[in-house]
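The values are calculated or read from the model by the stated rules, or taken from the named source; none is laboratory data. These numbers come from a predicted model, not from an experiment. Please note: Cβ atoms are built from the backbone with ideal geometry, for glycine as well, and neighbour counts cover all protein chains shown.
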Amino acid sequence: MRIGELAERAGTSTRALRYYEAHGLVRAERGANGYRRYDEAELRVVREIRALLAVGFGLDDIRPFVACLRAGNPSGDVCPDSVAVLRRKLAEVDAYLDRLGTVRRQLQTQLTEAIAHREEQCPHRRPQPCSR
């Protein structure tokens, strides 16, 4: 299939396909006229790339998944290298969630203290800020 058809079927742009190809993730054959021709298997590869990009994977992280598909596996996440990337990415997400939890607790404490301070300074709860 030609690049436009692959882009349409995969839900992406021709520019994205050329980008993936430039990074060695997508393979195209060239016809005598110089046009790119893609095998049907590239549709699976592009869909895998798009799904992984959508959840925050970088192109280098995606390589093992593509290699796994190209090795004939039904899914890109069944190979040991892909599983290792998934484990590492999950650890990164867990660490990020821990950091967000810490930030949330700090903000909640700051907000609680600010409200308590305001109530101490403005017992009448006027709509305008207290001038004290």
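Figures for the structure shown
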read-out: Unique match (being under 30 Å from residue 1 (Cβ atoms), touching a helix residue (DSSP H, G or I) at 6+ places or on another chain (Cβ under 7 Å) and among the basic types (Lys, Arg)) among 70, 63, 44, 30; value: 44
read-out: Tabulated pairs, the range 81-107, first surrounded by 11 or more Cβ atoms within 10 Å (Cβ to Cβ), second in a helix (DSSP H, G or I) and of a type in the set (Phe, Trp, Tyr), C-beta under 6 angstrom, 6+ apart or interchain; value: 82/65
read-out: Number of positions in the range 12-35 that are more than 18 Å from the chain's Cα centre (by Cα) and of a type in the set (S, T, N, Q); value: 2
read-out: Cβ-Cβ under 6 Å pairs, at least 6 apart or on other chains, the range 58-76 side without any contact (Cβ under 8 Å) to a residue 40 or more places away in the chain, far side surrounded by fewer than 15 Cβ atoms within 10 Å (Cβ to Cβ) and of a type outside the set (D, E, K, R); value: 59/23
read-out: Total residues in the range 36-58, condition under 16 Å from the mean Cα position of the chain (by Cα), surrounded by 13 or more Cβ atoms within 10 Å (Cβ to Cβ) and either at pLDDT below 95 or not in a helix (DSSP H, G or I) (or both); value: 1
